[in-house]
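The values are calculated or read from the model by the stated rules, or taken from the named source; none is laboratory data. Quick caveat, the model's predicted, so the values are computed rather than measured. In this analysis, Cβ positions are derived from the backbone assuming ideal geometry, glycine residues included, and neighbour counts consider all displayed protein chains. Surface accessibility is based on the protein's heavy atoms, side chains included, excluding ligands, DNA and RNA. Shrake-Rupley method; radii C 1.70, N 1.55, O 1.52, S 1.80 Å.
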Amino acid sequence: MTTTTQTYSIAVIGAGGKMGTRVSDNLVKTDHTVFYSESSPAGQERIRAAGRKLTDTPEAVRDADIVVLAVPDLALAAVTADIVPQLKPGAIVLTLDPAAAYAGLLATRDDVVQAVAHPCHPSIFLQRTTPEEYADTFGGIAAPQDAIAAIESDDPAKREIVEATVRAIYAPVVDVHWVTIKQLAQLEPTLVETIACMIGDLLKEALDEAVDTMGVPEPAARAILLGHTQVALANGLRGDNPFSDACLIAMEYGREAIIKDDWKRVFRDDELDKNLARMLHLEAIER
Ligand SMILES: NC(=O)c1ccc[n+]([C@@H]2O[C@H](COP(=O)([O-])OP(=O)(O)OC[C@H]3O[C@@H](n4cnc5c(N)ncnc54)[C@H](O)[C@@H]3O)[C@@H](O)[C@H]2O)c1
């Protein structure tokens with residue numbers, strides 16, 4: 001864990017958007033020098049309403065040790081093409097999702113460091129004690145979470161700046177896990193969006209099917225699904241209890257009926273590229 005108390009100059013670009021607002025709400029609580037830039041009038045209004053001062057992008061990034069790019073992934077190529085030439089040597093560009101960095105869409109410079117960080121969101125197994133912790137499912141407000149980070153530099157001083165920034169923007173943070181940009185892309189989107197979020201959405205569809213098509217009373221269906229979802233995750237991911245013999249047979253039927261034999265192909269490099277190309281609205285990923 002980094003224990004540095006050093007402060008940095010941090011520029012947040014897209015500070016009036018969803019992530020920009022979240023990271024800004026946390027950065028104001030730190031001693032870092034923070035500049036907020038935003039291009040849309042609605043986003044600018046949100047920044048002013050939050051009591052923060054707007055700064056034009058060239059001024060915000062001029063002396064920045066690290067630039068947090070909270071702009072849409074589809075804008076990152078153009079935004080980095082504009083900003084990277086303006087940075088001081090040794091500055092760090094931090095994106096909040098690995099897709100564009102892994103796809104090679106970001107403008108780079110030999111003396112500018114590229115980094116990516118993504119919040120893990122608070123664990124379903126987190127021991128929550130306060131109403132604020134229970135309410136904070138996204139993280140960054142009250143419930144502790146981990147974060148994943150990747151950096152294209154061997155310089156420990158640069159890593160320290162990224163870690164301090166990540167701990168500040170996603171606070172409260174327990175651990176920052178360091179991986180490569182490619183590994184971060186294998187985690188997000190593949191592991192957590194393509195698989196985990198898709199299954200969460202499928203559960204909702206299954207609930208609707210039980211209620212709307214089968215006619216089961218909604219409170220009964222919802223109650224049994226939410227309880228069993230906890231059991232499924234506690235048994236499956238943490239080994240709390242073995243699944244019952246009957247449940248194992250039903251699970252096997254579910255796999256045969258629902259899951260394709262080759263589903264793990266989603267982790268393959270070519271499939272990751274296809275997934276990212278779709279997300280980034282590209283014909284194909286060309287590196
Ligand atoms: N939304 C999430 O839950 C979430 C979670 C983790 C990571 N991310 C990542 O965070 C980043 C931002 O996503 P978001 O959902 O907050 O997007 P958003 O659309 O809510 O906000 C983006 C903001 O950037 C502004 N903007 C666009 N171009 C700009 C420019 N040239 N200069 C200044 N401001 C500009 C927009 O006006 C908007 O206010 C993306 O990389 C996304 O993948 C999002």
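The table for this structure:
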item: Entries of Lys53/Lys88; Lys204/Lys264; Lys182/Lys204; Lys182/Lys260; Lys18/Lys264; Lys158/Lys182 with Cα pairs more than 27 Å apart; result: Lys182/Lys204; Lys18/Lys264
item: Simple spin-label estimate for Glu205 and Asp155 in nanometres, 7 Å along Cα-Cβ; result: 4.8
item: Environment charge of Val174, counting only residues whose C-beta is closer than 10 Å and scoring Lys/Arg +1, Asp/Glu -1; result: -1
item: With DNA, RNA and ligands ignored, accessible area of Met214 (1.4 Å probe; Å², nearest 10); result: 130
item: Kirkwood Rh, Cα atoms: Rg over Rh of the chain; result: 1.02
item: Once exposed loop chymotrypsin sites (Phe, Trp or Tyr not before Pro) are cut out (DSSP; at most 14 other Cβ, 10 Å), longest piece of the chain; result: 1-124
item: Difference of contour (0.36 nm per residue) and Cα-Cα distance, Phe138 to Trp178; result: 12.3 nm
item: Percent antiparallel among DSSP beta bridges (both partners in the stretch 9-179, rounded to 5); result: 20
item: Gap separating the Cα centres of the stretch 19-59 and the stretch 202-245, nearest whole Å; result: 41
item: Cα centroid separation - the stretch 99-170 against the stretch 66-87, whole Å; result: 17
item: Of all DSSP beta bridges in the chain, antiparallel share, percent nearest 5; result: 20
item: Kirkwood-based shape ratio for the stretch 9-179, expressed as Rg/Rh from alpha carbons; result: 0.96
item: Label point distance in nm, Ala42-Thr7, each placed 7 Å from Cα along Cα→Cβ; result: 3.4
item: Estimated vicinal HN-Hα couplings, Hz - the stretch 39-45 in sequence order (Karplus 6.51, -1.76, 1.60; Gly, Pro = x); result: 8, 8, x, 5, x, 4, 5
